[in-house]
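Here's the structure we're looking at; comments come further down.
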Amino acid sequence: MPYVNLHDLEPLAQELLPPHIFDFIAGGAEDEVSLRMNRAAYEAVEFRPRVLVDVSKVDTSVTVLGRKLPFPVLLAPVALHQLVNPEGELATARATAKAGTVMILSTMSSTRMEEVAEAAAGPKWFQLYCYTDRSVTERLVRRAEAAGFEALVLTVDVPRLGRRERDYRHTTAFPADVFPHNFLGEIDLGGDESQATALTAMTAQLLDSSLTWETVDWLRSITKMPVLVKGVLTPEDALLAVEHGAVGIVVSNHGGRQLDGSPAPITVLPEIVDALGDRCDVLVDGGVRRGTDVVKALALGAKAVLIGRPYIWGLAIEGESGVARVLEQLRVEFEMAMSLCGVTSFEQITRRLVRAPWVS
């Protein structure tokens with residue numbers, strides 16, 4: 001299907017997908033204030049481009065957790081890719097590997113982690129919630145490590161599932177064969193696999209609302225994989241994450257799907273980076289739709305960005321090639337934005353390059 005930029009993807013995907021599936025992916029919590037702010041915040045950042053700089057050669061690469069990537073865009077964890085394409089996470093993994101960047105596989109993947117790991121040789125991280133039954137959590141971690149995942153991304157902003165009201169407006173169930181396959185054999189699915197598609201009930205069964213920072217210590221004690229903490233929005237929590245051994249954090253409001261009214265991640269990124277210094281790698285997600293957004297995020301202190309909905313729309317529209325096309329679009333736009341800003345490498349993308357209302 002023809003499209004010019006990533007903004008074009010969502011309406012195209014909406015035409016293709018059943019309304020309950022589209023809303024499950026597109027929707028945010030309650031009034032969707034945070035969902036809208038995520039995008040609006042990027043639009044509020046202005047560039048201070050430099051001119052008469054030799055930009056005949058631009059290096060878009062960046063090093064994240066010691067691994068050199070061709071450009072600073074990673075794929076955020078998103079549940080149940082098979083809702084939009086039969087090949088699901090397998091197609092996503094192949095496209096991401098070909099692009100040379102990192103796929104972060106959701107615990108709620110519709111394909112078992114071992115199958116995703118075998119689908120393509122690219123770098124992969126595993127996203128994890130810590131569950132009421134620690135033995136379930138531990139088995140998932142050990143399986144991820146055995147399958148070759150390179151890092152563990154602990155999501156910490158879901159003590160309870162946010163109220164995503166678009167989902168309440170639908171009564172249609174997900175297809176019975178699309179459910180979190182990583183939990184087969186790990187928890188009781190009630191004898192009817194289709195019940196697992198009721199993610200709200202399943203999450204209520206699994207999530208532990210009593211978690212503390214001790215959880216990070218415990219995870220580090222059971223795996224050799226480095227641990228990142230995803231869902232940080234304050235300098236205080238960023239510092240605690242590092243104190244408990246996290247090698248990276250993801251500044252995130254869960255795509256606007258948890259606490260409505262939480263700040264757009266890009267707006268709190270500078271104060272978090274200032275508090276941390278160079279103590280860990282800082283990534284950011286939420287609202288990235290353009291290569292210019294990637295430059296803005298890096299200028300405000302991120303090492304790289306995560307994208308979620310755009311690549312899912314690409315997967316829905318064109319499968320593996322759609323995911324590849326989304327990544328290539330961002331890479332090309334990012335290189336163009338660097339050139340027009342007068343910078344030729346990651347090291348040159350500093351805060352002096354932008355002006356943001358929340359940065360003095």
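Comparison of GLY287, GLY314 shows that the only residue that is in a helix (DSSP H, G or I) and either aliphatic (A, V, I, L, M) or closer than 17 Å to ASN5 by Cα (or both) is GLY314. Of all residues in the stretch 35-69, those satisfying the criterion of being aliphatic (A, V, I, L, M) and within 19 Å of the chain's Cα centre (by Cα) are LEU35, MET37, ALA40, ALA41, VAL62, VAL64, LEU65, LEU69. If you go through the stretch 208-215 one residue at a time, do you hit one that is outside any strand (DSSP E or B) and modelled with pLDDT under 85? The answer is yes, given that some residue of the stretch 208-215 is outside any strand (DSSP E or B) and modelled with pLDDT under 85.
Report, by residue number, each residue of the stretch 227-241 that is buried (at least 24 other Cβ atoms within 10 Å of the Cβ) and either more than 10 Å from VAL268 (Cβ to Cβ) or without any contact (Cβ under 8 Å) to a residue 12 or more places away in the chain (or both). Across the stretch 227-241, the qualifying residues are LEU228, VAL229, LYS230, ALA241. Checked against (1) part of a helix (DSSP H, G or I); (2) touching a residue at least 60 places away in the same chain (Cβ under 8 Å), ALA97 meets all criteria but (2). Taken over the stretch 120-131, the residue count meeting the criterion of being of a type in the set (Phe, Trp, Tyr) and part of a loop (DSSP other than H, G, I, E, B) is 1. The one condition from (1) at pLDDT 95 or above; (2) crowded, with 21+ Cβ neighbours inside 10 Å; (3) assigned to a helix (DSSP H, G or I) that GLN258 does not meet is (3).
Only residues that are in a loop (DSSP other than H, G, I, E, B) and farther than 25 Å from LEU228 by Cβ were counted in the stretch 162-186, giving 14. Residues in the stretch 64-93 that are free of Cβ contacts under 8 Å to residues at least 12 places away in the same chain and on the phi < 0 side of the Ramachandran plot: LYS68, PRO86.
If you go through the stretch 132-161 and keep only what is small (Gly, Ala, Ser) and in a loop (DSSP other than H, G, I, E, B), you end up with just GLY148.
The values are calculated or read from the model by the stated rules, or taken from the named source; none is laboratory data. Since we're looking at a predicted model, the values are computed, not measured. Note that we place each Cβ from the backbone using ideal geometry, even for glycine, and neighbour counts take in every protein chain shown.
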